[in-house]
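Notes follow the structure.
The values are calculated or read from the model by the stated rules, or taken from the named source; none is laboratory data. Computed from a predicted structure; not experimentally measured. We place every Cβ from the backbone using ideal geometry, glycine too, and count neighbours over all the protein chains shown.
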């Protein structure tokens, strides 16, 4: 089985347990925080990934950390299982798969929005409201900046892309000019 398939299995099983217990949103936040912490403190967590560090030592570190940080029981059990199976490197994929399941269950859709410059908060809120209205679902907006699009907005919801960028409009004009010559 591939790492991705393993990670999605962990995410599914954890989600099923935490959804029944009413802990799913909190666990999703914990997982995301852990992924960011692992990225931000790579030097400090490196021993948890090293194959020569004994499992017992890794487990003791995980247990001490989760107790101090107030990490929930389901997340602690997941971390311990990942250490036991030498699969801690799957945490990021698990967190993403888990969040996807939570969003689907809650009727939330992720909209990836790309603009040429940073989107001001009030415009992001207005765009979120409009996309929610259009899709009939709650929208979570994730913004990206790409100066190459010159202006306008490129929005992706699920597998559908709405390209309202200046670059795309110029390409269409160019195509029309070529066709008319």
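When each of 131, 119, 127 is tested for being over 30 Å from residue 5 (Cβ atoms), in contact (Cβ under 8 Å) with a residue 24 or more places away in the chain, part of a helix (DSSP H, G or I) and touching a strand residue (DSSP E or B) at 6+ places or on another chain (Cβ under 6 Å), the lone residue that passes is 131. Comparison of 16, 30 shows that the only residue that is under 18 Å from the mean Cα position of the chain (by Cα) and modelled with pLDDT of 95 or more is 30. Scanning the range 128-150 for residues that are touching a helix residue (DSSP H, G or I) at 6+ places or on another chain (Cβ under 8 Å) and on the phi < 0 side of the Ramachandran plot yields 138, 139, 140, 141, 143, 148, 149.
Here residue 48 meets the list (1) touching a residue at least 12 places away in the same chain (Cβ under 8 Å); (2) under 29 Å from residue 108 (Cα atoms); (3) not in a loop (DSSP other than H, G, I, E, B) almost entirely, failing just condition (2). Filtered by the rule that a residue be more than 13 Å from residue 59 (Cα to Cα) and part of a helix (DSSP H, G or I), the range 72-96 gives 73, 74, 75, 89, 90, 91, 92, 93, 94, 95, 96.
Could you pull out the residue among 68, 12, 99 that is surrounded by fewer than 15 Cβ atoms within 10 Å (Cβ to Cβ), in contact (Cβ under 8 Å) with a residue 40 or more places away in the chain and in a helix (DSSP H, G or I)? After applying the criteria, what remains is 12. Within the range 146-167, track down each residue that is surrounded by 13 or more Cβ atoms within 10 Å (Cβ to Cβ), under 20 Å from the mean Cα position of the chain (by Cα) and over 19 Å from residue 103 (Cα atoms). Hits for the range 146-167 are 146, 154.
Among the candidates 105, 123, the residue that is surrounded by fewer than 16 Cβ atoms within 10 Å (Cβ to Cβ) and under 19 Å from the mean Cα position of the chain (by Cα) is uniquely 105.
In summary, residue 117 fulfils each of the numbered conditions (1) within 23 Å of the chain's Cα centre (by Cα); (2) surrounded by fewer than 12 Cβ atoms within 10 Å (Cβ to Cβ); (3) not assigned by TED's automatic domain parsing to the domain that holds residue 153 with the single exception of condition (3).
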